[in-house]
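One structure below.
The values are calculated or read from the model by the stated rules, or taken from the named source; none is laboratory data. This structure is a prediction, so every number in the text was calculated from the model and none was measured. As a convention, Cβ positions derive from the backbone with ideal geometry for all residues, glycine included, and neighbour counts pool all protein chains shown.
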Amino acid sequence: MTEELNQQEEEQSFIITDDQGIEYEMQVVYTFSVVDDQYAVLIDKNNPEGDGVIFKLVEEDGEGYLEPIESDEEWKRVVAIYEEIVAEENNKA
C-alpha cells in the first residue's frame, strides 16, 4: 500500500455544489495516494477553519476531475489511511 501526503505548492481551486445547489469555492490542501488511486483534501476558501472533505482525483482523456467517494468500504479505508498520515506528520513536527 502506497501512502503519500503532499502539501500543495500552488493553489488549486474547485467549485463544489452541494445537494441543495449551494456552491462552495474549495481549495486543495493535500493530496495522497492509496494503492493506485489518488485523493485530495479540500477546504472551503471562505471557511478555512471548517472541516475538510476528501474526493477521489480521476484523470480521463488528459483531464483531471474530482469524484465523490461513494462506497462505504472505500471511504473507511481512505479516511483511516489519511488519519494515519496526519498522525505521522504531526509526530514529525
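The rows are residues; the columns are (1) in a helix (DSSP H, G or I); (2) at pLDDT below 90; (3) among the β-branched types (Val, Ile, Thr); (4) over 22 Å from MET26 (Cβ atoms).
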| site | (1), (2), (3), (4) |
| --- | --- |
| GLU49 | no, yes, no, no |
| LYS56 | no, no, no, no |
| GLY64 | no, yes, no, no |
| GLU70 | no, no, no, no |
| LYS76 | yes, no, no, yes |
| ILE81 | yes, no, yes, no |
| GLU84 | yes, no, no, yes |
| GLU88 | yes, yes, no, yes |
Revision key, fill the gap. Residue count, the stretch 45-63, condition over 10 Å from the mean Cα position of the chain (by Cα) and surrounded by 12 or more Cβ atoms within 10 Å (Cβ to Cβ), comes to 2
